[in-house]
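Shown next, in structure tokens, is the structure this report addresses.
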Amino acid sequence: MLVYPSALDLSTSHLRFLTAQLAAHRAGRGTRWRRLPAGRQALLVLAHLRCGHTYAQLAAGFKVGLSTVYRYVAEAVELLAALAPELAAAVKAAQGKAFVILDGTLLPIDRIAADRPFYSGKHRKHGMNVQVLTDPHGRLLWASPALPGAVHDIKAARTHGIINALSDADLACWADKGYQGAGGSVRVPFRGRHNNLSAGQQAVNVAHARIRALGEQAMATLKTWRLLRKLRCSTTRITGVVQAVLTLHLNCSK
């Protein structure tokens, strides 16, 4: 395999943060020697998450074995995922804001047509459903565990307890038509074709869409981590990857 120099479009704060977490983990376990120091392991993991480099590519670039790359990535993802905020903590932190925006996204996965639970009819592809909460400026606050792509947004929101958590906190939430019937503090646009609505309803829907558009920035933020654009790992590991990316974003992208 040919090797060439590459670069990551991340700040040094990402590398320092992950290196510190790995170094503390190694010290806690009493690890005496590793094939790569904590800083190099952090760089390897960031290359995997940010650029989607395969284990084979990373093994060749860092001159380690495939099993070593797998262990290093799994270890770092587990550490980062454990630091991701819970829904209750995210809602509590957002109570000082005027409102939040709720939206869902599909993370594509490589599955065959027989895997119906993972097939999203809306997007016409296999994937995992992830619910996202953002602040009024479109900044990412929280991302949910991943559910099979066939799960509808409103069902996913109820499964994660998002609607109840927002209602209990009396926190207003803007969401799209996929959350019709959610109730509580969730506000959705009027149903029906735009031309069939009254002038007042049309104005409300336009204003609603402008607010929700800010939430798309959070989706774009997640997808800048190119591993999430096409996940080829086991579906049981996707939640950990999403939570790891969320932790890096919240701690290093201020």
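At a probe radius of 1.4 angstrom, the accessible area of the chain per residue rounds to 52 square angstrom. Amide H to amide H, with H built 1.01 Å from N, R187 comes under 5 Å of C173, W174, A175, counting only residues 5 or more places away or on other chains. Computed with a 1.4 Å probe on the full set of protein chains, the accessible area for V245 sits at about 0 Å². In region 59-107, Rg over Rh equals 1.25, where Rg is the alpha-carbon radius of gyration and Rh the Kirkwood radius from pairwise Cα distances. Along its three principal directions, the equivalent ellipsoid of region 198-239 from the Cα gyration tensor extends over semi-axes of 35, 11, 7 Å, largest first.
3J(HN,Hα) along region 94-103, derived from phi through the Karplus expression 6.51 cos²θ - 1.76 cosθ + 1.60 where θ = phi - 60°, amounts to 8, 5, x, 9, 5, 6, 10, 10, 10, 8 Hz, with x in place of Gly and Pro.
Phi angles of region 221-227 translate, via the Karplus equation with coefficients 6.51, -1.76, 1.60 and θ = phi - 60°, into HN-Hα couplings of 4, 4, 6, 5, 7, 5, 4 Hz per residue; Gly and Pro are given as x. When +1 charges are put on Lys and Arg Cβ atoms and -1 charges on Asp and Glu Cβ atoms, the dipole computed for region 1-110 relative to its Cα centre reaches about 600 debye.
Taking S185, S198, S144 as the candidate residues, the one with maximal mean-square fluctuation in a Gaussian network model of the chain, Cα springs under 10 Å, is S198. Alpha-carbon geometry of region 38-165: the Rg and the Dmax are 17.6, 50 Å, given in that order.
Among the listed options (1) -0.28, -1.29; (2) -0.36, -1.34; (3) -0.23, -1.40, the one matching log10 I(q)/I(0) by the Debye sum over Cα atoms at q = 0.07, 0.17 Å⁻¹ as calculated from these coordinates is (1). For region 60-69, putting each phi into the Karplus relation 6.51 cos²θ - 1.76 cosθ + 1.60 with θ = phi - 60° gives couplings of 6, x, 9, 6, 10, x, 4, 5, 5, 4 Hz, in residue order, rounded to whole numbers and with x for Gly and Pro. Note on the chain: GNM, Cα springs under 10 Å; of D153, D103, D170, the largest mean-square fluctuation is that of D170. Principal-axis analysis of the Cα atoms of the chain puts helix 238-252 at an angle of about 90° to the longest axis.
Between amide H atoms placed 1.01 Å from N, distances below 5 Å from S120 occur with K125, H126, G127, all of them 5 or more places distant or on a separate chain.
Only alpha carbons enter this Debye calculation for region 120-254, each as an equal point scatterer, and the log10 of I(q)/I(0) it gives at q = 0.16, 0.20 Å⁻¹ is -0.93, -1.34.
Label-to-label distance, N251 versus F190, with points set 7 angstrom from Cα along the beta-carbon direction: 4.7 nm. For the residues L2, L141, L231, a 1.4 Å probe over the protein chains yields an accessible-area ranking, largest first, of L2, L141, L231. Among the trypsin sites (Lys or Arg not before Pro) in region 1-74, those placed in a DSSP loop whose Cβ has at most 12 other Cβ atoms within 10 Å are R32, K63.
Which of the GluC sites (Glu not before Pro) found in region 13-121 are in a DSSP loop and have at most 14 neighbouring Cβ atoms, other than their own, within 10 Å? It would help to have the intermediate numbers written out before the result.
Details: sites: E75, E78, E86; in loops: E86.
Hits after loop and neighbour filter: E86.
Each 10 Å bin from 0 upward holds the following percent of the Cα-Cα pairs of region 18-99: 16, 42, 22, 14, 6, 0.
Please work out whether region 170-235 counts as rounded, prolate or oblate from its C-alpha gyration tensor, where a ≥ b ≥ c are the square roots of the eigenvalues and a/c under 1.5 means rounded, while otherwise a/b larger than b/c means prolate and anything else oblate? List each step's numbers first, then the result.
Numbers: a/c = 2.41, a/b = 2.09, b/c = 1.15.
Judged from the Cα gyration tensor, region 170-235 comes out prolate (a/c at least 1.5, a/b above b/c).
The values are calculated or read from the model by the stated rules, or taken from the named source; none is laboratory data. Note that this is a predicted model, so its numbers are computed, not measured. Here Cβ is always computed from backbone atoms with ideal geometry, including for glycine, and neighbour counts include all displayed protein chains. All accessible areas refer to the heavy atoms of the entire protein, side chains included, with ligands and DNA or RNA removed. Shrake-Rupley method; radii C 1.70, N 1.55, O 1.52, S 1.80 Å.
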